[in-house]
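Chemist: My structure is below; once you've seen it, I'll send some questions.
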Amino acid sequence: MLADVADAADNVGILGTKPKWEVLENYQRTITQGEFAHLISDVYCTHGVPDELIKINNDAAQIVTTSQPKKVFTLQFAPDGDSKAHIPRLWRPAESLPPAEAEKPLAGLRIALDPGHLGGRWAKMEERWFQVGDTKGVTEGDLTLRVSRMLATRLRKLGATVLFVRNSTQPTTSKRPADFKELARNILIKNGVPRPRDEVLNPKDPEKEGTIRWQSEMLFYRYSEIRRRAVLVNTKLHPDLVVCLHFNAEGWGDPASPTLIDNNHLHLLVNGSYLQDELALDDERFEMIRRLLSRAYDEELAIADTVASSVAKATGLPAYQYPTTLTTTKVGSSGYVYARNLLATRLYRCPVVYCEPYVMNSKDGFARIEAGDYEGTKEINGVERKSIFREYADSVAEGLREYYSKARGL
Ligand SMILES: [Zn+2]
């Protein structure tokens with residue numbers, strides 16, 4: 001049994017821990033009923049909320065902490081907007097930062113960069129890898145790290161203190177897939193695979209996802225890794241903002257003979273849009289309420305909208321439209337931002353802006369990745385283009401410059 005895994009009897013998500021509801025006492029009378037109800041219905045619980053789990057009355061919300069035995073946390077509302085008490089949080093919204101000079105609009109700000117995935121020798125395990133013919137393989141975790149390092153230079157020039165959640169292809173977690181074999185077996189059995197196989201010999205075998213190997217690898221590179229990054233963000237880095245950097249992709253089929261598509265697009269994510277199954281887990285419900293009460297949404301949505309517009313202008317990419325609205329909800333005014341409940345956007349306890357520009361296996365995206373980094377412009381598929389890495393880093397930096405200059409009145 002792993003020490004940091006909650007008891008099987010606890011009703012928590014994968015590798016989750018039992019929530020400490022008592023910390024929410026610090027948020028008593030810090031939010032009005034109107035604002036709480038708005039954030040619940042328009043941001044966090046857009047797919048509905050079971051009345052028995054969160055009940056909103058006139059002067060308080062009743063939030064179930066555990067269902068068996070049933071226990072309830074009562075959150076008292078602030079009587080009106082003016083009487084709102086100080087909101088406890090470790091990060092600082094733009095408006096509360098000390099004055100800055102116009103050419104250093106990010107002065108005093110702590111920004112953590114979180115390059116998505118691992119890359120390097122882990123890229124194949126992560127299934128964030130494909131290779132066209134004998135060209136160099138495309139590995140998302142290496143691309144995001146490259147952009148993050150370029151972005152760091154630009155943000156420092158604007159005055160920010162830049163921190164890295166990951167700055168190598170080494171995992172942040174000290175755990176490895178072998179540590180999760182037992183848990184992987186239990187999860188598979190619970191999900192209806194009575195006698196899970198260790199592995200399959202052919203990686204194209206559709207039964208792969210029902211093997212202990214595949215499950216334990218995912219527990220390592222996704223759940224354990226991102227939860228460890230959250231510990232780093234929340235207890236060591238203490239940023240005012242986390243920027244998660246990704247490249248998007250659409251199904252490419254066989255990674256050794258991938259399908260290249262015409263579609264290329266852009267979207268950004270902030271936390272929200274919880275599913276009813278997720279709300280039924282004690283830790284996810286708690287993390288949602290804590291996040292709501294910290295008012296991270298107000299800040300992250302405004303930043304995401306500004307960064308999205310900047311990236312859209314620089315790249316010319318159209319807004320991604322999710323094929324279904326089952327897991328996401330469009331928010332904000334730019335048309336590029338969605339709320340979605342991802343591990344990173346939920347667990348990092350500060351505003352989080354999660355960027356998904358470029359489809360790596362689009363014809364254009366792939367050609368630009370293959371072209372590598374260069375100064376100036378080059379003609380790619382008939383269009384003069386900056387290097388994709390510089391365009392990404394420049395446009396995110398420009399969005400942040402715009403947002404903080406305006407919010408700080410510079
Ligand atoms: Zn990604």
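The values are calculated or read from the model by the stated rules, or taken from the named source; none is laboratory data. Remember, predicted model here, so these are calculated numbers, not experimental data. Ideal geometry is used to build each Cβ from the backbone, glycine not excepted, and the neighbour counts take in all protein chains shown. Remember, those area values only see protein heavy atoms, side chains included, never the ligands or the DNA or RNA. Shrake-Rupley method; radii C 1.70, N 1.55, O 1.52, S 1.80 Å.
Chemist: Can you tell me the Rg and the Dmax, both Å, for the Cα atoms in the stretch 151-205?
Modeler: Cα-based Rg and Dmax for the stretch 151-205 come out at 20.0, 56 Å.
Chemist: Further question: Need the full-extension length gain, residue 384 to residue 167, defined as separation in residues times 0.36 nm minus the C-alpha distance. One decimal, nm.
Modeler: Residue separation times 0.36 nm, minus the Cα-Cα distance, leaves 75.0 nm.
Chemist: Sticking with this one: Can you sort 241, 15 by 1.4 Å-probe accessible area, starting with the largest?
Modeler: 15, 241
Chemist: Tell me the carbon and sulfur percent of the accessible area for the chain, rounded to whole percent, probe radius 1.4 Å.
Modeler: 49
Chemist: Could you please put 390, 408 in sequence from largest to smallest accessible area, using a 1.4 Å probe? Walk me through the numbers on the way to the answer.
Modeler: Details: 390 65, 408 40 Å².
Heavy-atom accessible area, descending, gives 390, 408.
Chemist: Shifting gears a bit: So, how do all the Cα-to-Cα distances of the stretch 180-234 break down into 5 Å bins, in percent, from 0 on up?
Modeler: Result returned by the calculation: 4, 22, 25, 19, 15, 8, 6, 3, 0.
Chemist: Based on C-alpha coordinates, I'd like the Rg and Dmax of the stretch 62-102, in Å.
Modeler: Just the Cα atoms of the stretch 62-102 yield Rg and Dmax of 17.5, 56 Å.
Chemist: Taking every pair of alpha-carbon atoms in the stretch 309-367, what share in percent sits in each 5 Å bin, from 0 to the bin with the longest distance?
Modeler: Result returned by the calculation: 4, 15, 23, 23, 20, 13, 3, 0.
Chemist: Still on this structure: Sorted by accessible area (1.4 Å probe), largest first, how do 126, 199 line up?
Modeler: Ranked list, largest accessible area first: 199, 126.
Chemist: In Å, what Rg and Dmax follow from the Cα atoms of the stretch 284-386?
Modeler: 16.7, 51
Chemist: Using the Cα centre of the stretch 252-383 as the reference point, and only Cβ charges (+1 on K/R, -1 on D/E), how large is the resulting charge dipole? Debye, rounded to the nearest 20.
Modeler: Computed about the Cα centre, the dipole is about 300 debye.
Chemist: Sticking with this one: What's the long-distance tail for the chain, i.e. % of Cα pairs beyond 41 Å?
Modeler: On the way: 13267 of 83845 pairs.
Roughly 16 percent, rounded to a whole number.
Chemist: If I take R0 = 45 Å and measure r between the Cβ atoms of residue 202 and residue 235 in this structure, what FRET efficiency does the formula 1/(1 + (r/R0)^6) give, to the nearest 0.05?
Modeler: Values: r = 43 Å, r/R0 = 0.95.
The computed FRET efficiency comes out at 0.60.
Chemist: In square angstrom, rounded to the nearest 10, how much accessible surface does residue 188 have for a 1.4 Å probe?
Modeler: My reading of the accessible area for residue 188 is about 10 Å².
Chemist: Of 157/406; 104/363; 55/406; 124/330; 330/378, which ones are farther than 27 Å apart at the Cα?
Modeler: Correct reply: 104/363; 55/406; 124/330; 330/378.
Chemist: Using a Förster distance of 45 angstrom, determine the FRET efficiency expected from the C-beta separation of residue 95 and residue 256, and round it to 0.05. Could the numbers behind the result be given before it?
Modeler: Numbers: r = 51 Å, r/R0 = 1.14.
For R0 = 45 Å, the calculated efficiency reads 0.30.
Chemist: Need one word for the stretch 1-134: rounded, prolate or oblate. Basis is the Cα gyration tensor (sqrt eigenvalues a ≥ b ≥ c); a/c below 1.5 gives rounded, then a/b vs b/c decides.
Modeler: Oblate shape, in that a/c is at least 1.5 and b/c is the bigger or equal ratio.
Chemist: Okay, next question. So what's the back-of-envelope 222 nm ellipticity for the chain, counting only DSSP H runs of four-plus at -39500 (n - 2.57) apiece and dividing by all residues, rounded to 500?
Modeler: Rounded to the nearest 500, it is -9000 deg cm²/dmol.
Chemist: Also, I was wondering about something else. How much accessible area does residue 333 have with a 1.4 Å probe, in Å² rounded to the nearest 10?
Modeler: The value for residue 333 is about 110 Å².
Chemist: Taking a probe of 1.4 angstrom, what is the accessible area of residue 27 in Å², to the nearest 10?
Modeler: So the heavy atoms of residue 27 present about 20 Å² to solvent.
Chemist: Debye sum, Cα scatterers, the stretch 217-304, no solvent: what log₁₀ I/I(0) at q = 0.15, 0.16, 0.19 1/Å?
Modeler: Debye intensities relative to I(0), on a log10 scale: -0.87, -0.97, -1.20.
Chemist: Rounding to the nearest 20 debye, state how big the charge dipole of the chain is about its Cα centre with +1 on each Lys and Arg Cβ and -1 on each Asp and Glu Cβ.
Modeler: 960
Chemist: Figure the gain on full extension for residue 319 and residue 222 (residue separation times 0.36 nm, minus the Cα-Cα span) and round it to one decimal in nm. Could you put the intermediate results ahead of the total?
Modeler: Working: separation 97, 0.36 × 97 = 34.92 nm, distance 2.65 nm.
Stretched out fully, the residue 319 to residue 222 stretch lengthens by 32.3 nm.
Chemist: Could you point to the residue in 133, 151, 186 farthest towards the positive end of the stretch 105-212's charge dipole, with +1 and -1 charges on the Cβ of Lys/Arg and Asp/Glu respectively?
Modeler: 151
Chemist: So how many Å³ per residue does the convex hull of the Cα atoms of the stretch 135-291 work out to? Before the final figure, lay out each step's value.
Modeler: Numbers: hull volume 28.9 nm³, N = 157.
It is 184 Å³ per residue.
Chemist: Label-point separation (nm) for residue 209 and residue 377, each offset 7 Å from Cα along Cα-to-Cβ?
Modeler: 4.3
Chemist: Two decimals, Cα atoms only, Kirkwood Rh: what is Rg/Rh over the stretch 113-188?
Modeler: 1.10
Chemist: Identify, among 403, 30, 221, the residue whose Cα sits farthest towards the positive end of the charge dipole of the chain, taking +1 on the Cβ of Lys and Arg and -1 on the Cβ of Asp and Glu, with the dipole about the Cα centre.
Modeler: It is 221, whose Cα lies furthest towards the positive end.
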